[in-house]
Amino acid sequence: MPKISVEIPEELLRDLDEHVGDDGKFVNRSDAVRASIRKTLDLLDDIDDRHGRLDDDAE
């Protein structure tokens, strides 16, 4: 799996970390970021679909 580097504001990182760990929803930051990216892309696909902007071959 490729690795990337992302800079995010400290406040956003603190918020993210509240959902990571033994008592959180995610095992680690990477899992949280992947889930967020998937959710965002799904939402964007839904918006594009509603506006007829999705290419049927791209799905």
Net charge dipole size for the chain [Lys, Arg +1 and Asp, Glu -1 on Cβ; Debye, nearest 20]
200 debye
Structure-based [θ]222 nm, the chain - -39500 (n - 2.57) summed over DSSP H runs of at least 4, per residue, nearest 500:
-16500 deg cm²/dmol
Where the chain is the region considered: accessible area per residue in Å², 1.4 Å probe:
95 Å²
So the carbon and sulfur contribution to the accessible area of the chain, 1.4 Å probe, in percent, is 50 percent
For Ala35 and Ile4, calculate 0.36 nm times their separation in residues minus their Cα-Cα distance, and state this gained length in nm to one decimal.
9.6 nm
Got a sec to turn the phi values of the range 8-18 into Karplus ³J(HN,Hα) couplings, 6.51 cos²θ - 1.76 cosθ + 1.60 with θ = phi - 60°, whole Hz, x for Gly and Pro?
9, x, 4, 4, 5, 5, 4, 4, 4, 5, 5
Please list the equivalent ellipsoid semi-axes of the chain, computed as the square roots of five times the alpha-carbon gyration tensor eigenvalues, in descending order and whole angstrom.
29, 13, 12
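The values are calculated or read from the model by the stated rules, or taken from the named source; none is laboratory data. Only a predicted model underlies this, so the values are computations on that prediction, with no experimental measurement involved. FYI the Cβ positions are ideal-geometry reconstructions off the backbone, even for glycines, and counts take in every protein chain you see. Please note that ligands, DNA and RNA were not included when accessible areas were found on the heavy atoms of the full protein model with its side chains. Shrake-Rupley method; radii C 1.70, N 1.55, O 1.52, S 1.80 Å.
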